[in-house]
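What follows is a single structure, written as structure tokens, with notes after it.
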Amino acid sequence: PASATAGSAFDVTVTAKDSFGNVAVGYTGTVHFTGGGSGAVLPSNYTFTGADNGVHTFTNGATLTQAGNRTITATDTVTGSITGTSSAIAVSASGATTLTVTAPASATAGTAFSTTVTALDVYGNTATGYTGTVHFTGGGTGATLPSNYTFVGGDNGTHTFTNGVTLTQAGTRTVTATDTVTGSITGTSSTISVAAAGASTLSVTAPASATAGTAFSVIVTALDAYGNTATGY
């Protein structure tokens with residue numbers, strides 16, 4: 001077929017022809033299949049019989065999983081010059097089963113950054129037809145995350161939230177996006193190392209009581225506007 005959906009089986013027909021384009025009705029060779037991209041399921045080797053009259057259909061014999069333009073080739077196992085390749089098959093992704101969330105490896109508390117959410121099918125293809133609504137969670141206390149967003153056809157399964165995330169709690173954080181209807185369609189970013197912003201205040205710690213003339217310790221800690229220790233102060 002001219003098009004197929006990743007993971008859905010379809011028929012393949014092989015016809016043996018002579019050098020003039022006639023069907024070689026007496027062909028009884030064995031054919032081997034190749035191509036179709038990564039993860040393709042193709043028919044096993046097949047030996048034509050007299051009853052085939054040079055034409056054999058492999059019903060639901062091929063399943064392709066890699067989106068894009070793919071071809072399938074059949075080759076005689078004895079005479080390699082007896083071969084043929086299909087026209088391009090436009091393989092489209094199947095329905096979304098997961099999300100990926102792309103974010104920077106590091107960020108500064110209080111500084112916005114962009115994140116990209118991509119819907120993927122079970123084979124890792126971008127699910128270009130995804131039109132679900134995603135909800136964001138995570139990022140630690142005080143995080144500012146994008147509002148719920150419904151993908152549109154023009155997104156083609158990928159949407160970037162420009163400067164959509166601001167984290168304020170220093171440390172290692174992640175951001176998760178989840179489909180609001182089908183909770184299993186979800187994804188979490190790689191860890192984001194959030195560094196404190198510049199110091200904006202000092203905290204002074206001393207004991208609650210002391211005796212006149214007796215020394216005691218005092219701890220001074222530089223803090224950013226979000227209460228993180230400003231380690232660079």
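The values are calculated or read from the model by the stated rules, or taken from the named source; none is laboratory data. What you are looking at is a predicted structure, and each value in this text was computed from that prediction instead of being measured. For neighbour counting, all protein chains shown are included, and Cβ atoms are generated from backbone atoms with ideal geometry for every residue, glycine included. Side chains included, ligands, DNA and RNA excluded: accessible areas come from the protein's heavy atoms. Shrake-Rupley method; radii C 1.70, N 1.55, O 1.52, S 1.80 Å.
Values as computed for the structure displayed
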{"item": "Relative contact order computed over the chain (Cα-Cα under 8 Å; 6+ residues apart), in percent", "result": "15 percent"}
{"item": "Relative contact order, percent, region 1-84 [alpha-carbon distance under 8 Å, six or more residues apart]", "result": "37 percent"}
{"item": "Surface per residue (accessible, 1.4 Å probe) for region 83-129, Å²", "result": "42 Å²"}
{"item": "Per-q log10 I(q)/I(0), region 60-197, q = 0.11 Å⁻¹ (Debye; single scatterer per alpha-carbon; no solvent)", "result": "-0.51"}
{"item": "Area projected by the alpha carbon convex hull of region 35-76, averaged over all directions, nm²", "result": "3.4 nm²"}
{"item": "Environment charge at A4 (Cβ cut-off 14 Å; Lys +1, Arg +1, Asp -1, Glu -1)", "result": "-1"}
